[in-house]
Amino acid sequence: MINVQFFPSRRIALYMARIFVLRCLAVLAALVVILQTLDLLGESGKILAFPGNGDSELWRYVSLRLPQLVSRFLPFAVLLGTLITLAALNQNSEIVSMKAAGISAHQIIAPLILASLFIAAASFAFNERFVTRASETLSGWEEVNYGKVPRDSGVRPNVWVRFGDDLILAREVQAAGERTELRNLTLYDRAGETLKAVISARRAVRTGDGWRLEDGSVFDVDTGRSERFATRAWGRGLDPAQFTLAKVNAEEVDFSSLRKAVAALKAAGRDTAEIESGYWHKLSGPLSVVLMPLLAAVAAFGLARSGQLFVRAVIGMALGFAYFVADNFALAMGSYGAYPPLAAAWAPFLLFLLIGETVLIRTEE
């Protein structure tokens, strides 16, 4: 009779999930301790070089860097934890006993995949709650060479915005919302790709749903004439938020805020390929841990006494690391606009899901 259950018995499923999670956490702890130590040794000179910095700043750096290391190396830890778990089960003939009891390869891997789903959910929540804030704080601290981070003045220099066919350069943007004020503004009035006029103004302020330009001039490209004006109505429907949008780093913004930033940047006519790829990778990144039991499953099957257990473990590790290489490559291509953002984030995941399933089916046969 064919066993159609997705999981083995409850006792076996809990046993495998428990040892899998414990070994993944042990590997993650070892990796993070080693990498944090090496990273701190490399950065401690820069931190202590700033006058007044001491032990407290070193511990502050550790507290900010630690969440990043946990998030980044969790998939590696799950890969190695899976290999250790399955290799040990194979070495102790527990896999053979399960298969002799009629448990299929998919049922053996199922508890590990389910546990990985919980790890992926925990990883997503951890990234949203801790990693984004730590990354933003650490990035600002590194920009001032680990010194005192100055208060944000609220002034944004050299902001480019696209409004329809027109291009706008505001050399200084102050305040936000309806109080937004533009200084030293240059407007390139275009019809399609043809430049019609260049408008310059010392100042632009909000009036109703438009803007009022003050103390400026208009240069007509067709006639070659320049004309000055005291005030001029302009930009009806142009949202001031388009000028106050700062550069967005996907690693420093939570999922919901990043979605709003993508929409706002698109409305401003800015390139969003990089942050859109990061937006989708916030989902596919944590889910990559679900692939690891599937890719490392090759280490579970085959006779341990055949002498090929080590070779199988190496193959599983190679498949896992090949995924990380493909994922980083696709993400880089998505950031440059060579791949669509959705494909850049999800294509490696789907590709290696098929590869892992194929290897598991061939192994089971």
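Miscellaneous remarks
- The helix-only estimate of mean residue ellipticity at 222 nm for the chain, built from DSSP H runs of length n ≥ 4 each weighted as -39500 (n - 2.57), is -20000 deg cm²/dmol after division by the residue total.
- Of I95, V144, I113, farthest towards positive along the dipole that unit charges on Lys, Arg, Asp, Glu beta carbons give the chain: I95
- Straight Cα distances below 28 angstrom link K266 to the lysines K196, K247, K282, with same-chain residues fewer than 8 positions distant left out.
- Checking every one of the trypsin sites (Lys or Arg not before Pro) in segment 132-195 against DSSP loop status and a limit of 16 other Cβ atoms within 10 Å picks out K148, R151.
- For I361 and T37, a Förster radius of 56 Å and the Cβ-Cβ distance give a FRET efficiency of 0.85, rounded to the nearest 0.05.
- With R₀ fixed at 41 Å, the C-beta to C-beta distance from S226 to E142 puts the FRET efficiency at about 0.35.
- Pair S9, K266: separation of 7 Å Cα→Cβ label points (nm): 5.3
- Annotation: amide H-H contacts under 5 Å for L167 (H modelled 1.01 Å from N, sequence separation of 5 or more, or interchain): Y188, R190.
- Near S116, once Lys and Arg are set to +1 and Asp and Glu to -1 for all other residues with Cβ below 14 Å from its Cβ, the sum equals +2.
- Listed values [x] 23.1, 76; [y] 20.3, 59; [z] 27.9, 91, entry calculated as Rg and Dmax of the Cα atoms in Å: [z]
- Stretch gain in nm, segment F50-R151, where the contour uses 0.36 nm per residue and the Cα spacing is subtracted: 34.5 nm
- For segment 156-244, with +1 on Lys and Arg beta carbons and -1 on Asp and Glu, the positive-most of F243, V173, T194 along the dipole: V173
- Counted residue by residue at 0.36 nm each, then reduced by the alpha carbon distance between them, the extension gain from S217 to Q91 reaches 37.2 nm.
- Nearest-ten-degree value, helix 341-364 long axis tilted from longest Cα axis of the chain: 10
- Rounded to 10°, Cα long-axis angle of helix 105-126 versus longest principal axis of the chain: 30
- Residues Y336, Y323, Y15, ranked from the fewest to the most other C-beta atoms within 10 Å, line up as Y336, Y15, Y323.
- Rounded to 0.05, the FRET efficiency of the V325 and F126 pair, given R0 = 25 Å and the Cβ-Cβ distance, is 0.55.
- Cβ crowding within 10 Å ranks S63, S217, S288 as S63, S217, S288, fewest other Cβ atoms first.
- Look at L185, L309 and count the other Cβ atoms within 10 Å of each Cβ; fewest to most, that gives L309, L185.
- In the chain, the longest principal axis of the Cα atoms and the axis of helix 10-49 are about 50 degrees apart.
- Label-point separation in nm, S256 to E178, each point 7 Å along Cα→Cβ: 2.6
- The separation of segment 256-294 from segment 309-365, counted between C-alpha centres, amounts to 19 Å.
- Distance in nm between pseudo-label sites at N249 and V311 (7 Å out along the Cβ direction from Cα): 4.6
Readers should treat all values here as calculations from the given coordinates under stated rules, not as data from a laboratory. Because the structure is predicted, anything quoted here is derived from the model rather than measured. Positions of Cβ are backbone-derived with ideal geometry, glycine not excepted, and every protein chain shown enters the neighbour counts.
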